[in-house]
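Report on the structure given below.
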Amino acid sequence: MIGGGIAGTATALELQRANAAIEVTLFERATHVGGRIASSPFAGISGLDAGADAFLARVPEAVALAESLDLDLVSPEPVGAAIWRNGLHPIPEGLLLGLPGRPWPLVRSPLLSWRGTVRAAIEPLVPRTSIAPDSVGAYVRARFGDEVHEVLVDSLVGSIYAADTDRFSLAEVPQLHQLANTRRSVLLASRFGTAGRPGTATATAGPIFAAPRGGMADLVTATADAVVTGGGEVRLGRSIQQVAADGSGWRVDDERFDAVILASPPQASASMLVDTAPDASALLARAEAADVVMVVLHIPRSAWPERLHGLSGYLIPKSEQRTLTAVSFGSQKWAHWQPAGGGVILRASLGRDGAPVSHLDNDTVLARTLDDLAHQLGIDPTPLDVRITRWPGAFAQYRPHHQRWVEAVEAALPAGIGVTGAGYRGIGIPACVRDAKRMVNRTVQSFEALS
Ligand SMILES: Cc1cc2nc3c(=O)[nH]c(=O)nc-3n(C[C@H](O)[C@H](O)[C@H](O)COP(=O)(O)OP(=O)(O)OC[C@H]3O[C@@H](n4cnc5c(N)ncnc54)[C@H](O)[C@@H]3O)c2cc1C
């Protein structure tokens, strides 16, 4: 295994669980496992997340992994989020990733103009929309008009994936894709109670998100620890340069293995395979990703007005963005994120596809964050503490027809080399764990075929 993020550690553990005879060695470049998942002490909170702060609980794989490791899972507080458009407005009820299920919540919300609302309401009259372009934006604009797309869908989906949803694969947002693929009209599907309709996502039993109480890093650390307990090896501080053919097996720098799974980001995997599998390497090198910067602020309670209580945070549509793309009100979203000496935790996200931020130095990042908070929330806090985390290549950008690229990569890889992780079959943590299982089934089958 190469790469000690959630994909690599979960794959290593699944391999062991599938067949205890397989000897697993995991190489990780950093001095700790986690990759794009990291938690550390902040404001007296022991594990405050610098990257992901939760995973979807309705996609069961990550919950199942956490439970198998006896992690104590918590869920966000039942408070809603808002969208900022000339002020904070609660996200209208009944949306599925921004797609309306009913017109009335849109009529009542000031988020859309009357023209935008009328255009959305005539969606049942729009003929079936082809999903051939495989673009979230193309589909939503055709069905509901530009405003629903730009204010609602792009705010939600775009902020989850730091994406430009006009250039993002519809097939890679399964809930939207399923609706688009099976129903002509989204509003009619909702009105007549068809499965998979908008407005039902929050009506199903159980919390939507979960996280280990001690921070998301606990998930990866516990997974890696279980690999070691099971007899595997986790080698930290090992930046692999090359995977090369060695008889019927493979050499990872200077050691021989029967099979190699690369759970490193596609660009890193491309450079390891450049001589061994040049076609696969060239395809992998084409992968695109957006950089993100996460600013965590501890602000005094006195700087936090009553009117902002009862919200988990807000998203900012691209047309309204200055620097921030989303802000999470951490202490209101998570009951256990209460600073020891009082105050409030905020997590502000900067950067997305098409809006680079990596060139900004820390002083500029902080100044712009505070400036946006003043503009959007009318607050002017002097932070008690600040943590800025840079995530280059944070979010893979799944362009339209992304799966064709994945299939081409897999077809170009020699037998005995596999790739997994957020670059391929799902960006979220549960999808990474699910793909780990798929990869393990393939690998175990190939070992069994050999024996
Ligand atoms: C700010 C932020 C917020 C997020 N929020 C959420 C969220 O709320 N929910 C959610 O589900 N997902 C979220 N995500 C996405 C999710 O965290 C990632 O998609 C996922 O963690 C990626 O896991 P991975 O194992 O595929 O890759 P990574 O975590 O990037 O792991 C790859 C590993 O490979 C290692 N590596 C690279 N090159 C080499 C080499 N040459 N030799 C050895 N090792 C190498 C790297 O050091 C790294 O540790 C968020 C991501 C970010 C950045």
Can you tell me which residue in the range 71-103 is farthest from R307 (Cα to Cα), limited to those that are free of Cβ contacts under 8 Å to residues at least 24 places away in the same chain and either out of contact with any strand residue (DSSP E or B) (no Cβ under 8 Å at 6 or more places or on another chain) or of a type in the set (K, R) (or both)?
P78
The range 1-26, subset more than 10 Å from the ligand (Cβ to nearest atom) and in a loop (DSSP other than H, G, I, E, B), residue farthest from L219 (Cα to Cα):
A21
Of everything in the range 33-81 that's of a type outside the set (D, E, K, R) and in a helix (DSSP H, G or I), which residue is farthest from the ligand (Cβ to nearest atom)?
S68
All but one of (1) in contact with a Gly (Cβ under 7 Å, 6 or more places away or on another chain); (2) of a type in the set (K, R); (3) at pLDDT 95 or above hold for R197, so report the exception by its number.
(3)
Restricting the range 334-346 to residues that are of a type outside the set (F, W, Y) and crowded, with 22+ Cβ neighbours inside 10 Å, which is farthest from N86 (Cα to Cα)?
G343
Matching residues in the range 131-158 (crowded, with 24+ Cβ neighbours inside 10 Å and either of a type in the set (S, T, Y) or in contact with a His (Cβ under 7 Å, 6 or more places away or on another chain) (or both)) number 3
Considering each of V296, V292, V357 in turn, give the residue that is of a type outside the set (G, A, S), farther than 30 Å from G418 by Cβ, touching a Leu at 6+ places or on another chain (Cβ under 8 Å) and in a strand (DSSP E or B).
V296
Considering only residues that are touching a helix residue (DSSP H, G or I) at 6+ places or on another chain (Cβ under 7 Å), buried (at least 18 other Cβ atoms within 10 Å of the Cβ) and of a type in the set (G, A, S), which ones fall in the range 105-130?
G116, A120
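Do we find that P92 is buried (at least 17 other Cβ atoms within 10 Å of the Cβ), outside any loop (DSSP other than H, G, I, E, B) and at pLDDT below 95 in this structure? Full working, then the answer.
Working: buried (at least 17 other Cβ atoms within 10 Å of the Cβ): yes; outside any loop (DSSP other than H, G, I, E, B): no; at pLDDT below 95: yes.
No; evaluated as a whole, the condition is false for this residue.
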Here are some conditions: (1) within 14 Å of the ligand (Cβ to nearest atom); (2) charged (D, E, K, R); (3) on the phi > 0 side of the Ramachandran plot. R29 meets all but one. Which one does it not meet?
(3)
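When the residues of the range 380-401 are filtered to those that are over 16 Å from I427 (Cβ atoms) and among the polar types (S, T, N, Q), which remaining residue is farthest from the ligand (Cβ to nearest atom)?
T382
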Could you grab me the full set of residues in the range 48-69 that are among the small types (G, A, S) and either surrounded by fewer than 20 Cβ atoms within 10 Å (Cβ to Cβ) or under 18 Å from A7 (Cβ atoms) (or both)?
G51, A52, A54, A57, A62, A64, A66, S68
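Conditions (1) touching a residue at least 24 places away in the same chain (Cβ under 8 Å); (2) more than 20 Å from V440 (Cα to Cα); (3) not in a loop (DSSP other than H, G, I, E, B), marked per residue:
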{"position": "D218", "(1), (2), (3)": "yes, yes, yes"}
{"position": "A222", "(1), (2), (3)": "yes, no, yes"}
{"position": "V228", "(1), (2), (3)": "no, no, yes"}
{"position": "G237", "(1), (2), (3)": "yes, yes, no"}
{"position": "I261", "(1), (2), (3)": "yes, no, yes"}
{"position": "Q267", "(1), (2), (3)": "yes, yes, yes"}
{"position": "D279", "(1), (2), (3)": "yes, yes, yes"}
Single residue of the range 33-61 satisfying the filter (out of contact with any Gly (no Cβ under 8 Å at 6 or more places or on another chain) and among the aliphatic types (A, V, I, L, M)) that is nearest to G342 (Cα to Cα):
I45
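The values are calculated or read from the model by the stated rules, or taken from the named source; none is laboratory data. Worth saying up front: this structure is predicted, and the values here are computed from it rather than measured. Note that each Cβ is placed from the backbone with ideal geometry, even for glycine, and that neighbours are counted across all protein chains shown.
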